[in-house]
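J.: Quick one: this structure, given as structure tokens, is what I'll be asking you about.
The values are calculated or read from the model by the stated rules, or taken from the named source; none is laboratory data. Keep in mind the model is a prediction, meaning the values are calculated, not measured. No Cβ is skipped: glycine too gets one built from the backbone with ideal geometry, and neighbour counts run over all protein chains shown.
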């Protein structure tokens with residue numbers, strides 16, 4: 001037996017005063033997650049990550065930023081700044097490490 005439901009529930013028909021507390025709660029929750037993630041990033045150096053692991057971490061954080069933007073409308077400037085600083089530090093360290101290895105490989109370092 002197949003029953004088709006004709007009633008649909010969408011935010012289009014929900015009054016704005018009913019969705020305001022939900023948006024406020026989502027915003028507060030996302031700000032809390034963002035603050036905790038920024039604190040974790042500040043306490044942890046990502047320089048020791050393998051390249052693939054670092055890219056995975058960047059991807060996850062970027063997805064979190066996108067989800068936060070969709071649900072709360074915030075652009076997450078604090079989180080973006082924190083991850084940008086970590087990315088710059090990571091790539092500077094990776095470049096420095098490769099430049100130190102290059103002379104040893106080519107035999108010019110002796």
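Matching residues to (1) within 29 Å of residue 97 (Cβ to Cβ); (2) loosely packed, with under 11 Cβ neighbours inside 10 Å:
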| position | (1), (2) |
| --- | --- |
| 31 | no, no |
| 48 | yes, yes |
| 58 | yes, no |
| 63 | yes, yes |
| 68 | no, no |
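J.: So, one more: Just give me the residues in the range 72-85 being surrounded by 14 or more Cβ atoms within 10 Å (Cβ to Cβ) and more than 12 Å from the chain's Cα centre (by Cα), in sequence order.
T.: 72, 74 - these are the residues of the range 72-85 that are surrounded by 14 or more Cβ atoms within 10 Å (Cβ to Cβ) and more than 12 Å from the chain's Cα centre (by Cα).
J.: Sticking with this structure for a sec: Which ones in the range 1-52 are more than 20 Å from residue 69 (Cα to Cα), modelled with pLDDT under 70 and in contact with a helix residue (DSSP H, G or I) (Cβ under 8 Å, 6 or more places away or on another chain)?
T.: None; the set is empty.
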